[in-house]
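Asks: Dumping the structure here so I can ask a few things about it.
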Amino acid sequence: MIMLDALAPDLILHNGSIYTMDAAAPSAEAVAVKEGRVLLAGASAALLPLAAPHTRVVDLNGRTVLPGIFDSHNHLMQVGVKLTRIRLDECTSPQEMMELVRERAKETPPGTWIVGEGWNENNFTAALPPGRLPTRWDIDPATDQHPVILMRFFNTDVVNSVALRLAGITRHTPTPEGGEIGHDAAGEPNGLLRAAAKLLVRNLLPQPTLDELKTAVRLGCAEMNSHGITSVVDPGLYPYEMAAYQAVWEEGRRARGELAGARGEGRGASGLTVRMNLMPSWHGFREEETEAELEQRARAVGLVSGVGDEWLRLGGLKMAIDGGTSSHTAFMYEPFAGEATVGDFNRLDPATLRRHFRTAQELGWDVGIHTCGDRAMDMVVDAFADVARAMPRPDARHNVIHAYFPSDRALAQMAEHRIAAVIQPTFLYWEGDMIFRDVGERRAANYKPARKYLDAGVVLCANSDIPSTVSPNPWVGLYALVTRKNNLGHFVAADQAISRQEALHAYTAAGAWLTREEGDKGTLAPGMLADLVVIDRDYFAVADEEIKEIKVVMTVVGGEIVYGRA
Ligand SMILES: [Zn+2]
């Protein structure tokens, strides 16, 4: 019996409606997990008898189970850093902001920066006259021992007197170009810093410590788990951020007793609870870097895309070629709506782009490149295709991030060379009618055309790009893919809708393909990682409008419950 017990599952989820996304056995009532992987999926009556005394048995009460969500473009580290700061979004007066700073100051060593984010004077209408913004005199009562910076939701900071002093800002400080230093009637700086002037203080913020970044990783993981997200690609990281991921990964190994001499403190006690793929920042982040330095950086690591374990892996190199549509900085063929000329926003000429791709291709790196404009997209895909023809690497997983407006030529080449489209249905939903305002109806008809991508045979990966959007909520993203409706209820290229099955694939297995993990993730077939999400209603059966209302009941990663309970 002892031997049989040892072979028994660690976890059985039963009495549910389980969509495995495995074509061989697409639905099941129960799933059994052993050592972090799916052992079997099938009927409750068949699986329950496998339970041994140590087996955790969870009754799903008829709830729906899907494979865990793979958010294939998600700045989890940035989300975590934001979560370590004071959240000011809900504040209805400068007084409330001051009180939150005072609370934080009590637990913060003197001299340490206190950072808050998200205030919005539109919430202050009951407390302040219209147009009056919070000033340093509103927040100074909180502390005279800490520099304080409170960032508006956009474009403006207010800092306290300690911070102004540290930055050396006086009534005589010249206004930086493209910025504004706020003053009172007597000409004294009032703590408000707009646009470029923000840097006078922001540049003083110390780089986060390893401990702070580890906290950010843990907070970011917990946030993603609460949405049913079990895997993430974090793009554009610097070495000190990657080090923090490795430190948390190692904590997990220690907790699971996987390190020699270390005592296990219980599985899942700490460590990563989201499986991470890290994309090192490459071109487009430090403009001053020369081509030779960039090549050296790609070469110097020695390791390339795909190395790692089931928790932490090296993904592709992250590049960027242009800006975005809402800021009118995408590189387009025709001017933005209401503008007379086309702005020259490409940061890379075609020859340089090819040389960069060639370096990556030769070394074995995958490349993911931020590309928003239609003209930028043709340039990028042409360059990928040329390099793929000249130096074939059939297993490359290059991809176009954002991929807003593909031409027919781009679609054909992406399909031929297996270049993935990495798109954000979250933008489609939360940006309302902005796309019509920015590019007009005709071009908006080709905005993130999911149907076209799939019909052309292009790998389509869906994701949130949090914190560039409101929430990582994948259910809103799935809703946008299935209905093509934005948050105003308006259709954005209605003929580009895809099926629920296709949308879920884009949010699960397609991400796994992108990171070379299609053998481990994307379905709940036997042998796959036991990453799954339990939701409060049936994604495949509810009315379209209800998809965005789906709530996560429980998230399981590697057979461990990391969020909620059944
Ligand atoms: Zn991004």
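The values are calculated or read from the model by the stated rules, or taken from the named source; none is laboratory data. All values derive from a computational prediction rather than experimental measurement. All Cβ positions, even for glycine, are placed from backbone atoms using ideal geometry, and neighbour counts span all protein chains on display. All accessible areas refer to the heavy atoms of the entire protein, side chains included, with ligands and DNA or RNA removed. Shrake-Rupley method; radii C 1.70, N 1.55, O 1.52, S 1.80 Å.
Asks: Considering only residues of the stretch 452-477 that are more than 27 Å from Gly118 (Cα to Cα) and buried (at least 18 other Cβ atoms within 10 Å of the Cβ), which is nearest to the ligand (Cβ to nearest atom)?
Replies: Checked the stretch 452-477; the qualifying residue nearest to the ligand (Cβ to nearest atom) is Cys461.
Asks: Residue check, Asp234 against (1) modelled with pLDDT under 95; (2) open to solvent by less than 10 Å² (accessible area, probe 1.4 Å); (3) of a type in the set (D, E, K, R), all met but one. Which one?
Replies: Failed condition: (1).
Asks: Could you tell me how many of the residues in the stretch 58-100 are out of contact with any Phe, Trp or Tyr (no Cβ under 7 Å at 6 or more places or on another chain) and within 16 Å of the ligand (Cβ to nearest atom)?
Replies: 12
Asks: Then there's this: Can you tell me which of Phe436, Phe427 is within 20 Å of Arg375 (Cα to Cα) and either within 16 Å of the ligand (Cβ to nearest atom) or among the hydrophobic types (A, V, I, L, M, F, W, C) (or both)?
Replies: Phe436
Asks: A further question on this structure: Just one of Ser326, Ser281 is in contact with a helix residue (DSSP H, G or I) (Cβ under 8 Å, 6 or more places away or on another chain) and closer than 29 Å to Ile435 by Cβ; which is it?
Replies: The conditions single out Ser326.
Asks: Let me ask something else about it. Evaluate the stretch 123-141: report whether one residue or more is at pLDDT below 95 and closer than 30 Å to Tyr240 by Cβ.
Replies: no
Asks: Any chance you could count how many residues in the stretch 194-223 are open to solvent by less than 80 Å² (accessible area, probe 1.4 Å), of a type outside the set (Lys, Arg) and farther than 25 Å from Asn473 by Cβ?
Replies: Number satisfying all stated conditions: 9.
Asks: What strands (runs of 3 or more DSSP E), lying completely within the stretch 343-448, carry at least 1 residues that are open to solvent by 20 Å² or more (accessible area, probe 1.4 Å)?
Replies: By residue number, 367-371.
Asks: Exactly one condition in (1) more than 16 Å from the ligand (Cβ to nearest atom); (2) of a type outside the set (Ser, Thr, Tyr); (3) on the phi > 0 side of the Ramachandran plot is false for Glu250; which is it?
Replies: (3)
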